[in-house]
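First comes the structure, then the notes that go with it.
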Amino acid sequence: MLKFLVFILIIYIIFVVLFRFVIPYLLKRFVNRMQKKIFNQNNENFQQQQRNTKKKGEISIDFIPPKSNSNTDKVGEYVDYEEIK
């Protein structure tokens, strides 16, 4: 009976030490690693956005419309006219 009580006391002390010191340390370490990981991902995304932005005075063409095949020379000549009353 005494061995059982000592065993239970030792297990209790181990759990108390584990939950009091070890678990918070491991959680803090995990949270810090995740924060660094998320920060690095956000920082990389921001740097990519900065590289893709245009500098002042820089011109970029996103869309070039296709050339139409209609020839305006076949339309005719423009004649300037006046109305006569």
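Readers should treat all values here as calculations from the given coordinates under stated rules, not as data from a laboratory. Because the structure is predicted, anything quoted here is derived from the model rather than measured. Positions of Cβ are generated from backbone atoms using ideal geometry, with glycine treated the same way; all protein chains shown enter the neighbour counts.
Would you calculate a helix-derived [θ] at 222 nm for the chain, using -39,500 (n - 2.57) for each DSSP H run of n ≥ 4 and dividing by the full residue count, to the nearest 500? Result for the chain: -19000 deg cm²/dmol, rounded to the nearest 500. Extending 7 Å from the Cα toward the beta-carbon at both LEU9 and LYS55 defines two label points whose distance is 7.6 nm. Rounded to the nearest 10 degrees, the angle from helix 2-17 to the longest Cα principal axis of the chain is 30 degrees.
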